[in-house]
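The values are calculated or read from the model by the stated rules, or taken from the named source; none is laboratory data. From a predicted model like this one, the values you see are computed outputs, not experimental measurements. As a convention, Cβ positions derive from the backbone with ideal geometry for all residues, glycine included, and neighbour counts pool all protein chains shown.
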């Protein structure tokens with residue numbers, strides 16, 4: 001008897017949920033309007049360069065800096081969520097405010113070779129944003145002597 005009551009309640013709940021579902025007809029022009037609106041409003045990041053070579057520098061002066069300039073070539077504000085280096089010896093500081101379409105920003109990178117072995121190094125900085133290209137990798141390299 002309990003099984004029958006349980007089945008009856010389950011069927012009734014399913015029927016009431018099904019009755020509450022409404023379908024809406026969408027025209028082709030509505031779909032095209034939404035698609036074109038979304039396609040027109042996007043952010044896109046464009047860097048002057050994706051790579052910087054410090055060349056040779058002395059281990060007596062082991063901290064070096066560079067900047068990666070970028071521009072928002074999209075039609076919506078560009079927001080950088082993070083700029084994370086591949087190791088703790090490299091730090092990236094980036095533009096925190098939204099970059100309007102047509103405006104520029106900068107990512108400043110510092111490599112600190114203090115207490116590191118001399119020689120060639122290559123490090124990457126992963127930049128995540130709301131741009132169409134959500135992830136961009138910047139590269140720095142050099143030789144500490």
Which ones in the range 84-113 are more than 12 Å from residue 140 (Cβ to Cβ) and either surrounded by 17 or more Cβ atoms within 10 Å (Cβ to Cβ) or not assigned by TED's automatic domain parsing to the domain that holds residue 58 (or both)?
94, 95, 99, 105
Conditions (1) surrounded by 13 or more Cβ atoms within 10 Å (Cβ to Cβ); (2) over 15 Å from residue 143 (Cβ atoms) -> residue 41 fails only (1)
Kindly establish whether residue 96 is assigned to a loop (DSSP other than H, G, I, E, B), without any contact (Cβ under 8 Å) to a residue 40 or more places away in the chain and under 17 Å from the mean Cα position of the chain (by Cα).
yes
